[in-house]
């Protein structure tokens, strides 16, 4: 029984981990296409037009694969955690999912119109206008899914006490259908995702442009990749500052509303007001051993608040303490990333032409991979930190999961498919981006559907 | 006096739109598999821009079903865990193959033709899984309800009408494919195949349970054969093969079969059948469903109008009749 629950858990974690990578790329590309279309409309610079033409192709790929992984995720939620989805569907959380569908419709229909019929719209600003709802739709989809996650962390909108007291009857009463749209952690989580997810997508594109710039042999190609890199660096600069700010304010929310998760990720063995910041290390008995401790830093960051400690909770209720490591690596990665983006943008502002230095191109490529790692670790910290609960203090994963062992075989096939599909998709996106000679992409309108095989 | 279960009606209406979109893809998928070169110019310009919209409607229906029948999620998931995951595997295959087919430029082993045919195969596979699940929900074949619901694939296969049900739908899909895609050389096959498919469907329903074959069956049956007949007659063929007309008619045909699952579903299941009203959500969630559905349907409606306007703009205007030649003035004789 436990092994099937763990399999459900692993299968879902694996598919959502793959999905967010593809989706962040989609959001990054949608943003880049929108900005490039606007710059093309305003400046009539044919390189921005060519950039759009080239970005549309991998965008179609990431959107198509992202739709598949999105459907997989949505259906898996029902199939792997039916008791969770029963609770979701009896409360206002299903209304969030329902709203998400409309965001998805906006994104899909505008994408189809823009990609396949864009050339029928002659005005450059009209074509740019078609890209705006695509960006809004993709971001809104991400926001709405994070609203569900916020509810899982800090549930509301029904009588939780009665639900828990009803035991295996799982009786839902006192439903407020609109409350889950705004839990105590919704604002913080939405702010965080609105900055970190586009940052990941744009940074990956920035790394790609920086690398391809150094490998280019013609002036046209260099100009094209430079235009892309310029946009990516500017957007990343803004987003990285906002993402760090969002992370800081989210930690404030965490110690108030999810104190046990907070104590675990900060590795606070004991509660207190002037606690040190512990980097790595572990808990042994009632104290922290190993790692690096910076005295008073945590207390200072949280303005001297009385912070929770693990000793306040029974050890059986603790989440896996690996989240302290995942959190530390995420923070270190985010700091390195922030410093790199500030450094790179600073060199550019000072006209030191960082894009001309191959070492910085490789560093950008590494930074873009680091962004993806940071995003995945952030998500893993959040999810593992809520264990053993699927809905915090309300419903456990074990009670929510589907115990049917028949799903193991097809589940393994899905994992194998993803292991092959995700790298192939990334490779294919690179191929279609560079598939045509630059001279071809410098001609004609930006959007259109001329490049599709039908 | 019985009241209308609007949640069921709305959910089934959305299901009808999704299913008609999917069936049009399924018909295209079959044509790509059996006659790729002869039909691709008719099939691909329709499928390539629409398959994402079909997927979105699928998600739309799944979420409204979650919303409407929360108490059914546990039984459905525990009963159909494996078929649902197989469905997901085929969805991954469908989306990735058509996505790659649209943009591939290599002409090696992995080429446009193979990828589109793989898409066709995956779509037919999805169709089979969907048919198995739908026929189980309609008939209860292989299904045991109660405290520990189960689904037996062997029980489904050996149940009287199951295989006939699948064969009947396939006949109808193949029969109507020339109508929707306006495949002139297959015109003469359309009426016999479609009619045979409808007769097989009637037989399948009767074998499941005579209570499923009622007078209501005549409505979808007559409309389905009518679509094929309209195409068979040259003067009405252009009307039948209008995509919007066909899709609307298809949605009506599917919606007209709602009697098969309402007021009860899983007709012959052990410990069945299941009262749909008994598992439909109630309380404050019903009001939220109506509000969101009203807002959402307006949004989706406007988006569909935008989509059709874009398609219309992109559709080349057929050349009109030749302009009349001005009369040549009679030559004046000197």
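Just so you know, all these numbers are worked out from the coordinates, no wet-lab data involved. Keep in mind that what you see is a predicted model, and the values were worked out from it rather than measured. Note: ideal-geometry Cβ built from the backbone for every residue, glycine included; neighbour counts use all protein chains shown.
Observations, loosely collected:
- The protection proxy used here, the mean number of other Cβ atoms lying within 10 Å of each residue, ranks peptides A:102-110, B:230-238 as follows, highest first: A:102-110, B:230-238.
- Taking 0.692 mPa s as the viscosity and 37 °C as the temperature, the Stokes-Einstein diffusion coefficient of chain B based on its alpha-carbon Kirkwood radius rounds to 150 µm²/s.
- Other protein chain C-beta atoms within 10 Å of residue C-beta, averaged over A:404-416: 5.
- Relative contact order (%) - the range B:6-281, alpha-carbon pairs under 8 angstrom, separation at least six: 23 percent
- Helical content alone sets the calculated 222 nm signal of chain A at -24500 deg cm²/dmol, taking -39,500 (n - 2.57) per DSSP H segment of four or more residues and averaging over every residue.
- CD proxy at 222 nm, helix term only [per DSSP H run n ≥ 4: -39500 (n - 2.57); per residue of chain B; nearest 500]: -24000 deg cm²/dmol
- A simple spin-label model places the labels of residue B:242 and residue B:218 2.8 nm from each other, with each point 7 Å out along Cα-to-Cβ.
- Equivalent ellipsoid semi-axes - Cα gyration tensor, the range A:314-418, angstrom: 40, 20, 9
- Extension gain (nm, one decimal) between residue A:413 and residue A:284, 0.36 nm per residue minus Cα-Cα: 42.4 nm
- When each of the peptides A:282-291, B:298-307, B:54-63 is scored by the mean number of other C-beta atoms lying within 10 Å of its residues, the order from highest to lowest reads B:54-63, B:298-307, A:282-291.
- Average beta-carbon neighbours from other chains, 10 Å sphere, peptide B:44-54: 4
- Hull-based mean projected area of chain A, where the convex hull spans the alpha carbons, in square nanometres: 23.3 nm²
- Counting Cβ atoms of other protein chains within 10 Å of each Cβ in B:306-313 and taking the mean gives 5.
- Peptides ranked, highest mean first, by Cβ atoms within 10 Å: ranges B:115-128, A:197-210, A:234-247, B:148-161: A:197-210, B:115-128, A:234-247, B:148-161
- Fraction of alpha-carbon pairs over 43 Å apart in the protein assembly as shown - percent: 33 percent
- Between residue A:303 and residue A:420, the distance separating the two model label sites (each 7 Å from Cα on the Cα→Cβ line) works out to 5.5 nm.
- For the range A:33-124, convex hull of alpha carbons as volume per residue, Å³: 103 Å³
- Over the range A:130-250, all Cα pairs binned in 10 Å intervals from 0 give whole-percent P(r) values of 13, 27, 25, 17, 10, 5, 2, 0, listed from short to long.
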